[in-house]
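> Please find one structure pasted underneath; my questions will follow.
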Number of protein chains: 2
Amino acid sequence: MALLVQKYGGTSVGTVERIEAVADRVLRHKSQGDDIVVVVSAMSGETNRLIALAKDIQQVPDEREMDVLLSTGEQVTIALLSMALKKRGLDARSYTGSQVRITTDSAHGKARIRSIDTESMRTDLDAGKVVVVAGFQGADENGNITTLGRGGSDTTGVALAAALKADECQIYTDVDGVYTTDPRVVDSARRLDKITFEEMLEMASLGSKVLQIRSVEFAGKYQVPLRVLSSFTEGEGTLITTEETNKMEQPAVSGIAFNRDEAKLTIKEVPDLPGIAFSILGPISEANIEVDMIVQNVSVEGTTDFTFTVHRNDYTKAHSVLEQVAQTLGAKQVVGDAKIAKVSIVGVGMRSHAGVASTMFKALASESINIQLISTSEIKVSVIIDEKYLELAVRTLHSAFKLNETDGAVSEE
Amino acid sequence: MALLVQKYGGTSVGTVERIEAVADRVLRHKSQGDDIVVVVSAMSGETNRLIALAKDIQQVPDEREMDVLLSTGEQVTIALLSMALKKRGLDARSYTGSQVRITTDSAHGKARIRSIDTESMRTDLDAGKVVVVAGFQGADENGNITTLGRGGSDTTGVALAAALKADECQIYTDVDGVYTTDPRVVDSARRLDKITFEEMLEMASLGSKVLQIRSVEFAGKYQVPLRVLSSFTEGEGTLITTEETNKMEQPAVSGIAFNRDEAKLTIKEVPDLPGIAFSILGPISEANIEVDMIVQNVSVEGTTDFTFTVHRNDYTKAHSVLEQVAQTLGAKQVVGDAKIAKVSIVGVGMRSHAGVASTMFKALASESINIQLISTSEIKVSVIIDEKYLELAVRTLHSAFKLNETDGAVSEE
């Protein structure tokens, strides 16, 4: 008998039929003897409907009132799901974020959870009830309704699991797990049985949108075993744990992540003086532009080339800021490219294997794919390439690291 | 400078445009120096949408969860109206029923208000804020969300006005006041400037659907001056007060109320024994059928005819119950008629004027309208007539009591 926190996202509760399917699933788990806390999102489309109403009134809606408005979305779902559970003979009880005493700070729209009072939930669980909690919401110390920001229902799920010391936090979504890479790009992409929190964080930050980064961080911090599953199909999903799962000393790459959202900017032949990085990135940061990769080459004849990537939406703005910086610093030129892609190999095992990076570079070279930038961390190697080679690069790397083989480098069980 | 509680119903906040219009009106009052507490209903259609969702899941939805579900309707409106007020530069603050500490009993779907904590509202009003409260809802002592039943937003408005000792509770709706009778039946029906609580209660219970009976009772009990106005047009509306408004000794009929919702049943020649009324009405009541008028004629040769009216929807059911009763009691026969109408004259002044009833009967006789049943109270005389004469009867009485004359019996100011 386990205590499970199950979180169902917007598409999983998008219609009355889907809500009934969730209730069936909860009944199945409950019949097996598990205790269940369910966290639900708003029915898909509902949050957007409410935002549209608000924006019809205020272009930048008041933040406090926006939270009052948006929190109704999940409140509708908890009521409907509780009804569906009761129809099945289960004793269920719904809680808004405020009712379950999820206390947050007062940062409306992006509140952080401070504490959760588990007493009522414990009492309900002990009495055999299914507890149904509205995700994404809480209340500050003065009783003002707050929301955790989009995707915050995952955070609610993990936070409840941590507070209740649940055996597992199960995130039900419309995909059946975490894949070695995007199956739309590589046919033979394979679902991972297990992945570490660190790997998952890199996958998420690199564009695999299965889970919100914040909830993964949260789960990692509190060591809450997290499982991603589909609410549409049966299956074991992918378990995200602290355990490293690669056997033996095999060079382990868990997956290939990529994104097309970035653009590259280079300021050329800038005098290589102390403080130069700040002189360049300070104005970029002041213009509220976030920078991802940063690469500075070694100095040649007292000047250097300084390259960084930004979100593609910020490309034009960053370019004009950089033009001014170049003038001030006496740099030769600013060049940029918005048609780039970032491809990364991710794997906890690679930290002890220099060979992983060279395998990556060799595989790309074999397809004549030029690498424009390289950046590495303990558990990933990212490269920037011409956008047109993206799919080819991902397929090439997926096969170079044998990720399509079920007895491959990772996640055998 | 007055403290006003303004309640806006579903059609008054049915669209973003209507919400903006409400905000304009609040701004106008606020600019005149009044303190304003606004109570709002769910946007029209929203409650029905939510009920339909619930019934898709549970034919008889769980009452606790139904309240969780329905209360989201008003919560959406308080957020949107607060945004519209802030857009106009007013400082506004929304409260759900639970946040404003409207404490009720635990009778889900028909909860009664036990107490209201006015402290936060007072603080907000003192700080110049407009307080926006979700109507129709509260929370019980354990924090469970409750609703006051349909039309409960009026009750919320009156209860807040009573708790805050407001100068007036203004109920904004889609009609511009209380009329001498339904203007769709009598062209010359006239809006009343004033009416007493008792008269309003009779008008409401007799089918004038301007206000919920419960809110009128509540307002009368706490002597909260209640004003019915249109949110679509300008005007003074109708003030409902404790003052009797008829001048001098004129026989005062304030209005003509009517309904077509009833059906009449007669059990004939039933032995006239003590306890006979209970023997007849007990089984009716056990079948959950509400009875309105009850008339028992004087005994003739040891038997009597016993007649009562029920809601037309209950007619068939009541008829079959009564057939059984007739057999048990040895009554001669059960006859019934669903094609009847009830017409009533209402007015505080009539209690001292026997002439009022005879004026009524004479007027109906002059049009050859047969009276089937008569029932009287301190401030009304009701008659049951053939449904087909309803409009004729109402017009006849409206003119017999000179209700179309602006210097008529009532409401001169």
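> Given a Förster distance of 25 Å, report the FRET efficiency between B:K402 and B:Y222 from their Cβ-Cβ distance, rounded to the nearest 0.05.
Once rounded, the FRET efficiency stands at 0.15.
> Using the number of other C-beta atoms within 10 angstrom as an exposure proxy, rank A:L160, B:L53 with the fewest first.
B:L53, A:L160
> For the stretch A:60-144, what does the alpha-carbon gyration tensor say about shape, rounded, prolate or oblate, given a ≥ b ≥ c as the root eigenvalues, a/c under 1.5 as rounded, and a/b over b/c as prolate?
oblate
> If I build a Gaussian network model for chain A, linking alpha-carbon pairs within less than 10 angstrom, which residue out of A:E141, A:E286, A:E262 has the largest mean-square fluctuation?
A:E286
> Moving on. Using the Cα gyration tensor of the protein assembly as shown, with a ≥ b ≥ c the square roots of its eigenvalues, what is the shape: rounded (a/c below 1.5), prolate (a/b larger than b/c) or oblate (neither)?
Taking the square roots of the gyration eigenvalues as a ≥ b ≥ c, the protein assembly as shown is prolate.
> Connecting C-alpha atoms closer than 10 Å in a GNM of chain A, tell me which of A:S71, A:S106, A:S285 has the biggest fluctuation.
Evaluated over chain A, the most mobile residue of the options is A:S285.
> If I build a Gaussian network model for chain B, linking alpha-carbon pairs within less than 10 angstrom, which residue out of B:G149, B:G135, B:G97 has the largest mean-square fluctuation?
Looking only at B:G149, B:G135, B:G97, the largest GNM fluctuation is found for B:G149.
> Could you work out how far apart the two model spin labels at A:K388 and B:K362 are, taking each label as a point 7 Å from the Cα in the direction of the beta carbon, and quote it in nm?
According to this spin-label approximation, the distance is 10.3 nm.
> Expressed as an acute angle from 0 to 90° and rounded to the nearest 10, what is the orientation of the C-alpha long axis of helix B:315-329 relative to the principal long axis of chain B?
Approximately 40 degrees, to the nearest ten.
> What list do you get for B:Y179, B:Y222 if you sort them by fewest beta carbons within 10 Å?
B:Y222, B:Y179
> So which of B:K339/B:K362; B:K332/B:K362; B:K194/B:K339 end up more than 26 Å apart, counting from Cα to Cα?
Those over the limit are B:K332/B:K362; B:K194/B:K339.
> Nearest 0.05, what FRET efficiency do B:M1 and A:E63 give at R0 = 25 Å with Cβ-Cβ as r?
The pair B:M1/A:E63 has a calculated efficiency of 0.20.
> Which FRET efficiency value, to the nearest 0.05, do you get for B:V295 and B:E17 by plugging their Cβ-Cβ distance into 1/(1 + (r/R0)^6) with R0 = 56 Å?
Once rounded, the FRET efficiency stands at 0.65.
> Further question on the same structure: Can you classify chain B as rounded, prolate or oblate using the Cα gyration tensor, where a ≥ b ≥ c are the square roots of its eigenvalues, rounded means a/c under 1.5, and otherwise it's prolate if a/b beats b/c and oblate if not?
Note, shape of chain B comes out oblate.
> Mind checking which aspartates and glutamates have their C-alpha under 20 Å from A:K388, skipping anything on the same chain fewer than 8 residues away?
A:D182, A:D187, A:D261, A:E262, A:D337, A:E367
> Right, next: Only counting other Cβ atoms within 10 Å, I'd like B:D105, A:D154 sorted with the fewest neighbours first.
So the ranking, lowest neighbour count to highest, is B:D105, A:D154.
> A further question follows. Report, ordered by chain and residue number, the lysines lying within cross-link reach of A:K129, taken as a straight Cα distance under 28 Å and ignoring same-chain residues fewer than 8 apart.
Once the sequence-local lysines are set aside, what remains near A:K129 is A:K7, A:K30, A:K86, A:K87, A:K165, B:K55, B:K110.
> Here is a follow-up. Under 12 Å from the Cα of A:K221, which aspartates and glutamates turn up, not counting those fewer than eight places away in the same chain?
Qualifying aspartates and glutamates at Cα under 12 Å: A:E198.
> Cα axis of helix A:390-400 to longest principal axis of chain A: angle in degrees, 0 to 90, nearest 10?
Value to nearest ten degrees: 80.
> Please give the charge dipole size of chain B, origin at the Cα centre, charges +1 on K and R Cβ atoms and -1 on D and E Cβ atoms. Round to the nearest 20 debye.
Here the size comes out at about 520 debye.
Here, each number is a calculation from the coordinates, and none is a lab measurement. Here the structure is a predicted model, which means the values were calculated and not measured. Cβ sites come from the backbone with ideal geometry, for glycine too, and all protein chains shown count toward neighbours.
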